[in-house]
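Visitor: Before anything else, here's the structure in question.
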Amino acid sequence: MPDGERDENEGEKREEKKLQSSGREETEEERLDRNLGELLQELRVALPGVQVLFAFLLAVPFQKNFTEASSFDETMYFVTLLLTALSAALLIAPSAYHRLTFRYQQKHRLVFISNRLSIAGLATLALAMTSAITLVTNFLFGTVATTVVTSVLVLTMFVVLWAVLPLKRRFRYRDEGLPLLDPPRDG
């Protein structure tokens, strides 16, 4: 096959691959770069919240009034502290994974694993924030009813905004028979 014909065929195959990969004019490498960039932007939103909550929680036991905390408050504090630490670990893990696999051609795996770690980190963050609200509500009002109602409302808010709405859209998209734009790949 002449060189001009081979170049033309390769160009057509490249264009076809771009369109098949995600419905956009991008190669798989470009898609992975875009996905990683989007993930990093999302983590830049979540991480400051985790850091502020964690810093607040680290200071709480050293406050004068903390000695007056009930055993329930102490338990809720410890649970909230652990959930916040776990959330921070999960949300920071993609950076560590990237650093340790840098230059090993692992971007597809990085995006796949980082997505899962981020989802787990956000779920844990929702639980940590709900626990913090539970702790503060119980400390301020000391009534079981107020604490339970407030905690259930806060947890419901997180579940609806962070899980139900996006999953509803995702299932609707799937049920309409529309193709998944970024199909998972074995790896």
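Visitor: Suppose the filter is touching a helix residue (DSSP H, G or I) at 6+ places or on another chain (Cβ under 6 Å), surrounded by 15 or more Cβ atoms within 10 Å (Cβ to Cβ) and modelled with pLDDT under 95; does residue 139 pass it?
Guide: Against the criterion (touching a helix residue (DSSP H, G or I) at 6+ places or on another chain (Cβ under 6 Å), surrounded by 15 or more Cβ atoms within 10 Å (Cβ to Cβ) and modelled with pLDDT under 95), residue 139 qualifies.
Visitor: Can you list the helices (runs of 4 or more DSSP H) lying wholly within region 88-187 that have 2 or more residues being in contact (Cβ under 8 Å) with a residue 24 or more places away in the chain?
Guide: 107-141, 144-159
Visitor: I'd like to know if region 92-102 contains one or more residues that are in contact with a Leu (Cβ under 9 Å, 6 or more places away or on another chain), small (Gly, Ala, Ser) and either surrounded by 13 or more Cβ atoms within 10 Å (Cβ to Cβ) or modelled with pLDDT under 90 (or both).
Guide: Taking region 92-102 first, the residues in contact with a Leu (Cβ under 9 Å, 6 or more places away or on another chain) are 92-95, 97-98, 101.
Subsequent filtering for residues that are small (Gly, Ala, Ser) retains 93, 95.
Then keep just the ones that are either surrounded by 13 or more Cβ atoms within 10 Å (Cβ to Cβ) or modelled with pLDDT under 90 (or both); that gives 93, 95.
Among the residues of region 92-102, at least one is in contact with a Leu (Cβ under 9 Å, 6 or more places away or on another chain), small (Gly, Ala, Ser) and either surrounded by 13 or more Cβ atoms within 10 Å (Cβ to Cβ) or modelled with pLDDT under 90 (or both), which makes the answer yes.
Visitor: Next up: Could you tell me which numbered condition residue 129 fails, if it satisfies all but one of (1) of a type in the set (A, V, I, L, M); (2) surrounded by 13 or more Cβ atoms within 10 Å (Cβ to Cβ); (3) more than 26 Å from residue 95 (Cα to Cα)?
Guide: Here residue 129 meets the rest and fails (3).
Visitor: Could you tell me which numbered condition residue 55 fails, if it satisfies all but one of (1) surrounded by 15 or more Cβ atoms within 10 Å (Cβ to Cβ); (2) modelled with pLDDT of 85 or more; (3) not polar (S, T, N, Q)?
Guide: So residue 55 meets the others, but not (1).
Visitor: Report yes if residue 44 is in contact (Cβ under 8 Å) with a residue 24 or more places away in the chain, among the basic types (Lys, Arg) and part of a helix (DSSP H, G or I), otherwise no.
Guide: In short, no.
Visitor: Sticking with this one: Residues of region 142-152 being surrounded by 12 or more Cβ atoms within 10 Å (Cβ to Cβ) and among the hydrophobic types (A, V, I, L, M, F, W, C), which ones?
Guide: Once the filter is applied, which keeps residues that are surrounded by 12 or more Cβ atoms within 10 Å (Cβ to Cβ) and among the hydrophobic types (A, V, I, L, M, F, W, C), region 142-152 yields 148, 149, 152.
The values are calculated or read from the model by the stated rules, or taken from the named source; none is laboratory data. Source: prediction; values computed, not measured. Counting neighbours? That spans all protein chains shown, and the Cβs are built from the backbone with ideal geometry, glycine included.
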